[in-house]
Amino acid sequence: MSGLHLRGVVLPDGGDPRDLWVVNGRVRTQPVPGARTVVDGGYLVPGLVDAHCHVGLGAKGPVDLPEAVEQALVDRDAGTLLIRDCGSPLDTRPLQERLDLPRIIRAGRHLARPKRYIKYLGVEIEDEQDLPSAVAEQVANGDGWVKLVGDWIDRGTGDLAPLWSDDVLTQAIKVAHDGGARVTAHVFGEDSLPGLLAAGIDCVEHGTGLTDDTIATMAAAGTALVPTLINIENFPDIASAGAEKFPAYATHMRALYERNKATIASAIEAGVPVYAGTDAGGGIRHGRIVDEIQALHAVGLSRHDALAAASWSAREWLGFPSLVEGAAADIVVYRDDPREDLAALRHPSLVMLRGRIH
């Protein structure tokens, strides 16, 4: 039986170096006769995860399939081997058939209301009572996740406001759960969070409007948070662009930005499960997962936990085991210990996806 052999410190276990073998794209923990040694030394990390990424989305909207492939390759070469595609206007199922591209968990298309999200990106639902049926469609066509737009600017009030009534959210999220899917939501402000959490939402994206009360609710329920910290750095520019027409919105966005690091630090301290997501696509270029990991460390996660939020913990959350017997051989190798210096993550010495070296 042929195979590959890797020896190094295996994370998250750590300790002394040990051996792994790879056969037919799967991890083996028992010796494989005749295996070729491809790694001897360093740190073996379960493939990195970008839990909020938009393959198929560019700065000007949807991109074609070849450009989406290039986006995915950039992520792969940065060590991101698993992507939760958190809403895309492009059908990326053809990318899932490519063995050289990261694994993609599709959340389908954003579900929004007319003129209440970025044009052309989402499914616009005229009557909010149709949200449950729209969710059912996304469940049928997706990979176990549905993406809602929880709030966006309301041109009538000139500020962020919820898109959905509480009772509609309860019905819609129940439909998803009954279909075996989880639900996440784009949320910038404060007002939509209580209804989403009461309805049983599984994850919150961005979460800049979290308060002590909603943080406590999330922590008690185990609701996940993907704070997309590097994208929140765009808030001042977003505020400036809308200041003349919507001054209240601009003021609100600046306030959310100013307190965001403290907000996310409070969520971490309260025990909210936090995962790394770059929001690549549109305003953020692909391949920046290390920037997000370092940002999570800067707001309160230890280096170990910040790496976990983009590796083994995120993989477990999304249903992908790490480097154990029978797991997919999605491995990134580093010469230096990233738990000691996260900058080591910028220099992978080997990227293995599905047992293939890239």
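Based on DSSP, what percent of beta bridges with both residues in region 1-70 are antiparallel, to the nearest 5? Don't skip to the end; give the middle numbers.
Working: 10 of 16 bridges.
About 60 percent, rounded to the nearest 5.
Only helices enter the 222 nm calculation for the chain: every DSSP H run of n ≥ 4 contributes -39,500 (n - 2.57), and dividing by all residues gives -9500 deg cm²/dmol, rounded to 500. Peptide packing: for 253-259, 227-233, the average count of neighbouring Cβ atoms within 10 Å per residue gives the ranking 227-233, 253-259, highest mean first. This model, with +1 at the C-beta of Lys and Arg and -1 at the C-beta of Asp and Glu, gives region 252-357 a dipole about its Cα centre of some 340 debye.
In whole percent, how big is the carbon plus sulfur part of the accessible area of region 69-140, probe 1.4 Å, protein atoms only? Walk me through the intermediate numbers first.
Numbers: 1490 of 3030 Å².
With neighbouring chains kept in place, the figure for region 69-140 is 49 percent.
With a/c under 1.5 counting as rounded, go ahead and sort region 96-229 into rounded, prolate or oblate using the C-alpha gyration tensor (a ≥ b ≥ c being the square roots of the eigenvalues; past the cut-off, prolate if a/b is larger than b/c, else oblate). Numbers along the way, then the final one.
Working: a/c = 1.42, a/b = 1.22, b/c = 1.17.
Since a/c stays below 1.5, the shape of region 96-229 is classed as rounded.
Dipole check for the chain: with +1 at the C-beta of Lys and Arg, -1 at the C-beta of Asp and Glu, and the Cα centre as origin, the magnitude is about 980 Debye. Each residue, Ile357 and Ser133, gets one label point 7 Å from its Cα in the Cβ direction; the gap between the two is 5.5 nm. Taking a Cβ cut-off of under 14 Å around Ala276, the surrounding Lys, Arg, Asp and Glu residues balance to a net charge of -4, with basic ones at +1 and acidic ones at -1.
DSSP loop GluC sites (Glu not before Pro) in region 1-99 with at most 15 other Cβ atoms within 10 Å of their Cβ, which ones?
Sites meeting the loop and neighbour criteria: Glu97.
Within the chain, what percent of beta bridges assigned by DSSP are antiparallel, to the nearest 5?
Working: 26 of 57 bridges.
Here the antiparallel bridges make up roughly 45 percent for the chain.
Could you tell me which of Gly14, Gln96, Pro132 has its Cα farthest along the dipole of region 1-155 towards the positive end, charges placed at Cβ (Lys, Arg +1; Asp, Glu -1), taken about the Cα centre? The one lying farthest along the dipole's positive direction is Gly14.
When Lys and Arg each count +1 and Asp and Glu each count -1, what net charge do the other residues less than 12 Å away from Leu44, Cβ to Cβ, add up to?
Numbers: positive: Arg7, Arg18, Arg335; negative: Asp13, Asp19, Asp40, Asp330, Asp337.
Spelling it out: positives minus negatives among the neighbours equals -2.
Thr214 contributes an accessible area of around 10 Å² to the protein surface, as traced by a 1.4 Å probe with all chains present.
Over the chain, accessible surface divided per residue gives 41 Å², non-protein components excluded, 1.4 Å probe.
With a cut-off of 15 Å between beta carbons, the residues surrounding Asp167 carry a summed charge of -3, where Lys and Arg count +1 and Asp and Glu -1. Would you please state which residues of region 239-259 a label at Asp212 would reach in this model, taking the label point 7 Å out along Cα→Cβ and a backbone N cut-off of under 19 Å? Backbone N within reach: 256, 259. With the simple spin-label model, which puts each label point 7 Å out from Cα in the Cβ direction, the Glu269 to Arg93 separation comes to 4.7 nm. In straight-distance terms, cross-link reach from Lys119 covers every one of the lysines whose alpha-carbon lies under 20 Å from its own, apart from those fewer than eight places away in the same chain; here that gives Lys60, Lys147, Lys245. Put a dot 7 Å past the Cα of Asp100, heading toward its Cβ, do the same for Lys174, and the two dots end up 4.9 nm apart. Here region 1-56 exposes an accessible surface that is 43 percent carbon and sulfur, computed with a 1.4 Å probe and the other protein chains kept in place.
By its C-alpha gyration tensor, with a ≥ b ≥ c as the square roots of the eigenvalues, how is region 235-292 shaped: rounded for a/c under 1.5, else prolate for a/b larger than b/c, else oblate?
Details: a/c = 3.48, a/b = 1.33, b/c = 2.61.
Note, shape of region 235-292 comes out oblate.
Report the full-extension gain for the segment Lys60 to Ala262: residue separation times 0.36 nm, less the Cα-Cα distance, to one decimal in nm. If you can, show how the numbers build up before the last one.
Numbers: separation 202, 0.36 × 202 = 72.72 nm, distance 3.21 nm.
Once the chain is fully extended between Lys60 and Ala262, it gains 69.5 nm.
Taking 0.36 nm per residue of separation and subtracting the Cα-Cα distance, full extension of the segment from Lys119 to Glu244 would add 42.9 nm. Mean-square fluctuations from a GNM of the chain, with a 10 angstrom spring cutoff on Cα atoms, peak among Gly42, Gly281, Gly189 at Gly42. Here's the picture: a label point sits 7 Å out from the Cα of Arg346 along the beta-carbon direction, and within region 268-291 the residues with their amide nitrogen under 15 Å of it are 287-291.
Each of Ser240, Ser88 has its accessible area taken with a 1.4 Å probe; listed largest first, they run Ser240, Ser88.
The values are calculated or read from the model by the stated rules, or taken from the named source; none is laboratory data. This structure is a prediction, so every number in the text was calculated from the model and none was measured. Counting neighbours? That spans all protein chains shown, and the Cβs are built from the backbone with ideal geometry, glycine included. Surface accessibility is based on the protein's heavy atoms, side chains included, excluding ligands, DNA and RNA. Shrake-Rupley method; radii C 1.70, N 1.55, O 1.52, S 1.80 Å.
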